[in-house]
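Notes follow once the structure below has been shown.
Since every read-out is calculated from the coordinates, none of them should be taken as a lab result. On a predicted model such as this, the values are computed, not experimentally measured, just so you know. Positions of Cβ are generated from backbone atoms using ideal geometry, with glycine treated the same way; all protein chains shown enter the neighbour counts.
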Amino acid sequence: MEPAVLLVRFLDLIGTFVFAVSGAALGVQRGMDLFGVLVLAFVTAVFGGVTRDVLIGAVPPVSVASWHNLALAVAAGLLVFRFNKLFDQLQQPVQFFDAAGLGVFAVAGTQKALDYGINWPMAAVLGIISGIGGGMVRDVLTTQVPTVLRADIYAVAALAGALVVVAGSAAGLPPTAVALAGVVLCVFLRLMALYRGWRLPVVTSRDP
Amino acid sequence: MEPAVLLVRFLDLIGTFVFAVSGAALGVQRGMDLFGVLVLAFVTAVFGGVTRDVLIGAVPPVSVASWHNLALAVAAGLLVFRFNKLFDQLQQPVQFFDAAGLGVFAVAGTQKALDYGINWPMAAVLGIISGIGGGMVRDVLTTQVPTVLRADIYAVAALAGALVVVAGSAAGLPPTAVALAGVVLCVFLRLMALYRGWRLPVVTSRDP
Amino acid sequence: MEPAVLLVRFLDLIGTFVFAVSGAALGVQRGMDLFGVLVLAFVTAVFGGVTRDVLIGAVPPVSVASWHNLALAVAAGLLVFRFNKLFDQLQQPVQFFDAAGLGVFAVAGTQKALDYGINWPMAAVLGIISGIGGGMVRDVLTTQVPTVLRADIYAVAALAGALVVVAGSAAGLPPTAVALAGVVLCVFLRLMALYRGWRLPVVTSRDP
């Protein structure tokens, strides 16, 4: 495999695991049984990437053509199910890894869309979909308005990572360094939102 | 471009803008931040058409292969975000444009499905999906039972527009006139439901 | 048609009808109008199979390329709408048929994925998706957490049926007998969950 392909694949594995953990943790919290937890872990982990692959015509999607992501998501789900209390105490690390997964998926998704010849604005959108798709479905399946739509610079962080890839690709910079920069920027923005309260504008009513 | 293709594309742009406005308006109402509003505007605008394209094998879908619909949805979302109070006062016009968007998408979706060799009953269904898909996802993402499933001759109006296209196509009538007739019928039925209270039957319990 | 293909198609028709009934019954219960009921019947009946077909690249999906499943779902929806009280009294039979539909879809979906050259773990997952997809969307559209995620050995029963197909296919056994065995096992597990209270483990807090 070429280095760029290898990098994307490696980042994909990390992101898959992290999102599977977030899905499984929510499933346990909602009192789902073991299999429900595993389903939610898998769906959260692969939905964004599968949607991207279907939309760019890369069918069957990576997560369907190979069983690796399934095995990874199931392993993550089993770990969360077994060591539930541990993951409860790891709230902060989980938020960090969730930010990392977001950046990783957004960057890898944008790169893959560009590789398939998609124009750059839509490649960035496909990167965002890769990053936020899993979390959106996780939230819809547990009947809450998706976090990503509510606030806290989530999708914007994914967009920032995606645009780094777009710009780096246009400038002909080495993909590995560009991908790393994209992930770092995404994680940075997300952490600033979490710990410094960075926000995007909201329409506020000023009726007396 | 041929006239028929040009017409479908033109109607598509109007429908995209109108549905983006409806998604953005709901996002603002739910207190979402700017980016959440834009995401909801884009998803509402393109989900129906993207689903249709994936199902008929037209991949990547128009809204992915080109960035025009993205730009249009973002512009609509920014307008709603900026001139929120104006759109609030425009409740009635928005309902009218929503009906127009519904008719436009249903008609254009049916025509495209027929062009791809889909049989007529499923072409009508794909027209309905094109018309109501975006609104369904908009409602699911904000955790309400989709309007279209609850009442008020919404999907039926889309079906009527779709059937006009099917019949016109079978009779070999000029596509432009047929499309116009389909949109007009759909808008008419929807407005009758809104202002005259036309309803479909509901199962009512008659237990004493 | 070969016997195996014919069998899959036949099972598909039964499953389609049964799931359409379950969607329509929920729609009536929620006070939807006739068309909403038909939409929910159709979506519940075909969503799992359509998702499977899109993911394995069998586009347009069977339920789009042919209008048979549409007609069947509409017929089921009309029957439920007309004879609503009868179906109310048939709660137990409906649960049985729902279990049968689950098994049928899981088995047929796994077989089709294998036929398309998908590796066996993902073929089993695609079988599960075929079986539980429609019910998940039905529940999401009526804003409840999908039954399948909450409990009661539902997806696990589908998995068991799928694995019978995988094992039988690997062993070269006759497809018809294997499919029948898969459906029977799935129905058996589901009925044990319903009437004997078989459960999967749940994480329970033991804080004093």
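List of remarks:
- Taking chain B as a Gaussian network of alpha-carbon nodes connected by springs under 10 Å, the highest mean-square fluctuation of the residues B:Leu13, B:Leu34, B:Leu189 belongs to B:Leu34.
- Choice from A:Ala124, A:Ala41, A:Ala75 with maximal GNM fluctuation in chain A (Cα, 10 Å cutoff): A:Ala75
- Estimated FRET transfer efficiency when R0 is 25 angstrom, pair C:Ser66-B:Arg9 (beta carbons, to 0.05): 0.30
- Candidate cross-link partners of C:Lys112 among the lysines, defined by an alpha-carbon separation under 30 Å and a same-chain spacing of 8 or more, comprise A:Lys112, B:Lys112.
- Note on chain A: the alpha carbon radius of gyration divided by the globular reference 2.2 N^0.38 Å gives 1.01.
- Rounded to the nearest whole Hz, the Karplus-based 3J(HN,Hα) values (6.51 cos²θ - 1.76 cosθ + 1.60, θ = phi - 60°) of the range B:184-200 follow the sequence 4, 4, 4, 4, 4, 4, 5, 5, 4, 5, 6, 10, 10, x, 4, 9, 8, with x at glycine and proline.
- Estimated vicinal HN-Hα couplings, Hz - the range B:36-49 in sequence order (Karplus 6.51, -1.76, 1.60; Gly, Pro = x): x, 4, 5, 4, 5, 4, 5, 4, 4, 6, 10, 4, x, x
- Chain C - charge dipole about Cα centre, Lys and Arg +1 at Cβ, Asp and Glu -1, debye rounded to 20: 320
- Euclidean distance of C-alpha centroids, the range A:154-197 and the range A:53-107, integer Å: 19
- For chain A, the 222 nm mean residue ellipticity estimated from helices alone, with every DSSP H stretch of n ≥ 4 adding -39500 (n - 2.57) and the total spread over all residues, rounds to -26000 deg cm²/dmol.
- Within a Gaussian network of chain C (alpha carbon springs, distance under 10 Å), most fluctuating of C:Arg52, C:Arg30, C:Arg190: C:Arg30
- Couplings for the range C:166-173, taken from phi via the Karplus curve 6.51 cos²θ - 1.76 cosθ + 1.60 with θ = phi - 60°, read 4, 5, x, 5, 5, 7, x, 6 Hz in order; Gly and Pro are left as x.
- Counting, for every residue in B:35-48, the Cβ atoms of other protein chains within 10 Å of its Cβ and taking the mean gives 4.
- Relative contact order of chain A, pairs being alpha-carbon contacts under 8 Å that are 6 or more residues apart, as %: 22
- Gyration tensor (alpha-carbon) shape descriptor, the protein assembly as shown, a/c threshold 1.5: rounded
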